[in-house]
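The block underneath contains the structure these notes are about, expressed in structure tokens.
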Amino acid sequence: MTALPHSEPLWVVTGPTASGKTALALALAEATGREILSMDSMAVYRHMDIGTAKPSAAERQRVAHHLIDLVDPHETFDTARWCERAEQTLATLHASGKRALFVGGTPLYLMAFFKGMMQGPSRDSELRAALEAREVASPGCLHAELQLRDPASAARIHLRDLRRLVRALEVLQLTGQPISEQQHHFSRADWQRPCRIVVVQRDREQLHARVKVRTEAMLAAGLVAETEAIERDGGFSQTAAAAIGYAECRAFLRGRFKDETELRNRIRRSTHQLIRRQTTWLRRLPEIRSLPADIDPQQLRAAFDSPESPAVHR
């Protein structure tokens, strides 16, 4: 096959959790012969299947999926590594004449890959260890400090996302500037590579109803048992431990919730908070096109193919 030109706009389907983007993207990929590159920061972990709503074996037979099951839950994995793997996978697909469809709801992956990584200070192991020790001694203290010193970042970082909390405070300590200010390059009009991005949208009531059904289904499928099995076999890294569903199940297994009803409600609340953060990120991108979740896959394809579709370029 002939390699594809790198100037051809890449297709991206994104949207908040529970919006229905996965089913739409699967139908689109199947209709166009594209292979899916996952933009889900938690789907990179093996064995974390139920809580991340990974594509089923049948769905993977229908369409090839990439950037899923890259590392074990106890291993560290970050945005830079994902971008590197995405670049390698994309080059391999292009070399064989295949096209990619990026699909997922992790805005940081989207921004970093298509706009470029932020160049921040190098990690300070001693400082990180001190920050982590403070959080262990007084859970919630790092998020509280970040709320005082960099409220914009605190609004985007979950109080259990220790890795990102530590990084935000590390940047503050080393540079004197909040990481939110240093991330302003994501608001620039220029993009590192050409792409066309569609956001799948649903109204708030629909999303909440779908989150309720999704949470019930995950718990019925054995999310607690899956979490317990991972804990026995190496445990979770800081990043994996912050995954919604797993974080709550770990707390439940430690007796921090009174019953399964509280567990269910905690997962739903965390998911709603994630949806708000995802929506806030995506609203920053006026160049992208928003489409309703009930759109026909052929209409979605037409939205990408249409010369009127906004294509963002370098």
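Coordinate-derived values only; no laboratory data. Keep in mind that what you see is a predicted model, and the values were worked out from it rather than measured. Cβ sites come from the backbone with ideal geometry, for glycine too, and all protein chains shown count toward neighbours.
Could you tell me what % of all Cα pairs in the range 50-144 have separations over 23 Å? It would help to have the intermediate numbers written out before the result.
Details: 2057 of 4465 pairs.
It works out to 46 percent of all Cα pairs.
Where a ≥ b ≥ c are the square roots of the eigenvalues of the C-alpha gyration tensor, would you call the range 75-223 rounded, which needs a/c under 1.5, or, failing that, prolate if a/b is larger than b/c, or oblate? It comes out oblate by the Cα gyration axes. Across the chain, the relative contact order, built from alpha-carbon pairs under 8 Å that are at least six residues apart, equals 28 percent. Of the residues E226, E260, E205, the one with the fewest other Cβ atoms within 10 Å heads the list, and the complete ranking is E205, E260, E226. Simple point charges give the picture: +1 on the Cβ of Lys and Arg, -1 on the Cβ of Asp and Glu, and for the chain a dipole about the Cα centre of about 520 debye. Shown here: semi-axes √(5λ) of the Cα gyration tensor in Å, derived from the displayed model; of the candidates (i) 38, 21, 17; (ii) 31, 24, 19; (iii) 42, 19, 17, it corresponds to (ii).
Taking the Cα centre of the range 125-184 as reference, the dipole from Cβ charges on Lys and Arg (+1) and Asp and Glu (-1) amounts to some 160 debye.
Since only T106, Q273, F252 are under comparison, the one whose Cα sits farthest along the positive direction of the charge dipole of the chain, derived from C-beta charges on Lys, Arg, Asp and Glu, is Q273. The helix-only estimate of mean residue ellipticity at 222 nm for the chain, built from DSSP H runs of length n ≥ 4 each weighted as -39500 (n - 2.57), is -15500 deg cm²/dmol after division by the residue total.
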